[in-house]
Amino acid sequence: VKSGRPKMTEAQIKEVATGQVFSTKQALDKGLIDKVGFLDDAIDRAIDLATLDKAKTRVVKYDKSPGFVESLLGATSEAQRGAGVNLAAVLDLSAPRAYFLCTWLPALLSNQH
């Protein structure tokens, strides 16, 4: 907070640097953020602060490849990961199933004496 907000006094920093989570309005009131906006607003502001030409600037978003659990649950595309976990797959995995063990071999043990 101290390096990102150099105009804040030590008392103001001590008040907000507690590890507490603030709502948007609280962060704005306490001077932790400049204004409220969307991702495009933040990108435009970063371009302005870096004094770059917006027409020549490209923003790249890297997607995390699905992990083992996501692959197991069928979340393979970005749209599926964004929409959440495939509930049908989760229910299918968690449903109890009856398994039958059958063999045509003669019984090795018998409970008859």
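The values are calculated or read from the model by the stated rules, or taken from the named source; none is laboratory data. Everything numeric here is computed off the predicted structure, so don't read it as measured data. Ideal geometry is used to build each Cβ from the backbone, glycine not excepted, and the neighbour counts take in all protein chains shown. With ligands, DNA and RNA removed, areas are computed over all heavy atoms of the protein, side chains included. Shrake-Rupley method; radii C 1.70, N 1.55, O 1.52, S 1.80 Å.
None of V69, V16 is free of Cβ contacts under 8 Å to residues at least 60 places away in the same chain, over 30 Å from L93 (Cβ atoms) and not aromatic (F, W, Y) except V16. Here region 23-49 is the region considered, the condition is being more than 29 Å from V60 (Cα to Cα) and not charged (D, E, K, R), and the residue that is farthest from the chain's Cα centre (by Cα) is G31.
If you check K35, K56, K64, K25 for being closer than 22 Å to K2 by Cβ, out of contact with any Lys or Arg (no Cβ under 8 Å at 6 or more places or on another chain) and charged (D, E, K, R), only one passes: K35. Those helices (runs of 4 or more DSSP H) of region 2-75 in which 2 or more residues are small (G, A, S) and either modelled with pLDDT under 90 or open to solvent by less than 70 Å² (accessible area, probe 1.4 Å) (or both) occupy 39-49. V85 meets the conditions (1) loosely packed, with under 12 Cβ neighbours inside 10 Å; (2) at pLDDT below 85 in every case but one. The failed one is (1).
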